[in-house]
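Engineer: For reference, the structure I am asking about is given below.
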Amino acid sequence: DTYEVATVTAYQSGDPVNAPASSYNWVRVYPSKPGVRVYCDLDATLIQLNGADNITFYGSEDGIGTNRDLTIENLNLGISASVFRFLNGARNNSIEYCIIKGATGAGAGLIHFGAALATENNQNITIANNEISGSGNNRPVNVIFSSIGAGVGTNSATISNNNIYNFFRPNVASNGII
C-alpha cells in the first residue's frame, strides 16, 4: 500500500509555470503486481490532471489484461474529497480496469470533471471497465461529477462498462453520474 499525504498533480508536458522541465508524449500508470493500493485521507483530490494530456491509468498487472489489480481510494468525507480530477484542458486521458473507492461531499465526485480556468475544455476522457464505489460504509454523494464554470468544462467524455455501486446516502441526494 502507498499512502499519499498530499494531492498528486500531473501537468501538461513542458508547462512553463508548473513543470517547465517535464517532457513526455504519453504516460501509462499500472501496477507491477496484483493487489496494489494507493490511498489518502484528504479533503481534496488524490490525483489531479491539471491540463495534463495522454495519461492512462490501467489497473491490470503490467498493463495487460482485464483484471483490476489497482485500487485508488480517498477515505475522506469532506466536501472537496475526490479520487480523480480533470481540469484546465486535460485531454486524451483514461482510467481503465481500476478499483476506485471513496466518499465525497456535495461539491465533488469520486471522479470529478472540473472547470477550466482558461478557454480550453477537458476533451477525450475515457472512464471504462472500472469498479467505482464507496469506501466501506463511507459513501460518496456523487460518483462521477461535472462542474462547469463560465461555459468551459468537459466535452468528449466516454463513460462505459463501469460497475458503479454502494453510493446511496439516505439523508442526501446521491448521484451515480451528474
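Engineer: Could you give every pair whose Cβ atoms fall below 7 Å, whose first residue belongs to the stretch 7-26 and is farther than 10 Å from residue 52 by Cβ and assigned to a loop (DSSP other than H, G, I, E, B), and whose second residue is open to solvent by 50 Å² or more (accessible area, probe 1.4 Å) and at pLDDT below 80, counting only separations of at least 6 or pairs across chains?
Structural biologist: From residues that are farther than 10 Å from residue 52 by Cβ and assigned to a loop (DSSP other than H, G, I, E, B), the pairs are 14/20.
Engineer: So, one more: Can you find, within the stretch 39-61, the residue that is most open to solvent (accessible area, probe 1.4 Å) among those that are outside any loop (DSSP other than H, G, I, E, B) and among the acidic types (Asp, Glu)?
Structural biologist: 61
Engineer: Test residue 73 against the criterion of being touching a residue at least 24 places away in the same chain (Cβ under 8 Å) and open to solvent by less than 60 Å² (accessible area, probe 1.4 Å), and give yes or no.
Structural biologist: Considered against the rule, which asks whether it is touching a residue at least 24 places away in the same chain (Cβ under 8 Å) and open to solvent by less than 60 Å² (accessible area, probe 1.4 Å), residue 73 comes out as yes.
Engineer: Which one of these is over 19 Å from residue 52 (Cα atoms), within 13 Å of the chain's Cα centre (by Cα) and touching a residue at least 12 places away in the same chain (Cβ under 8 Å): 79, 111, 99, 95? Break it down into steps so the answer makes sense when it comes.
Structural biologist: Numbers: 79 fails: within 13 Å of the chain's Cα centre (by Cα); 111 fails: over 19 Å from residue 52 (Cα atoms); 95 fails: over 19 Å from residue 52 (Cα atoms).
After applying the criteria, what remains is 99.
Engineer: Write out, first by first residue and then by second, each pair whose Cβ atoms fall under 9 Å of each other, whose residues are 6+ apart or on separate chains, and whose first residue, in the stretch 146-161, is exposed (fewer than 12 other Cβ atoms within 10 Å of the Cβ) and modelled with pLDDT of 90 or more while the second is in a strand (DSSP E or B) and not β-branched (Val, Ile, Thr).
Structural biologist: These pairs meet every condition: 158/94; 158/124; 158/128; 160/128; 161/128.
Engineer: Here's a check for you: in the stretch 83-136, which residue that is modelled with pLDDT of 95 or more and of a type in the set (S, T, N, Q) is farthest from residue 166 (Cα to Cα)?
Structural biologist: Restricting to residues being modelled with pLDDT of 95 or more and of a type in the set (S, T, N, Q), the top hit is 92.
The values are calculated or read from the model by the stated rules, or taken from the named source; none is laboratory data. Just so you know, these numbers come straight off a predicted model, no measurement behind them. Neighbour counts run over all protein chains shown; Cβ positions are idealised from the backbone, glycine included. SASA here: full protein model, heavy atoms, side chains in, ligands and nucleic acids out. Shrake-Rupley method; radii C 1.70, N 1.55, O 1.52, S 1.80 Å.
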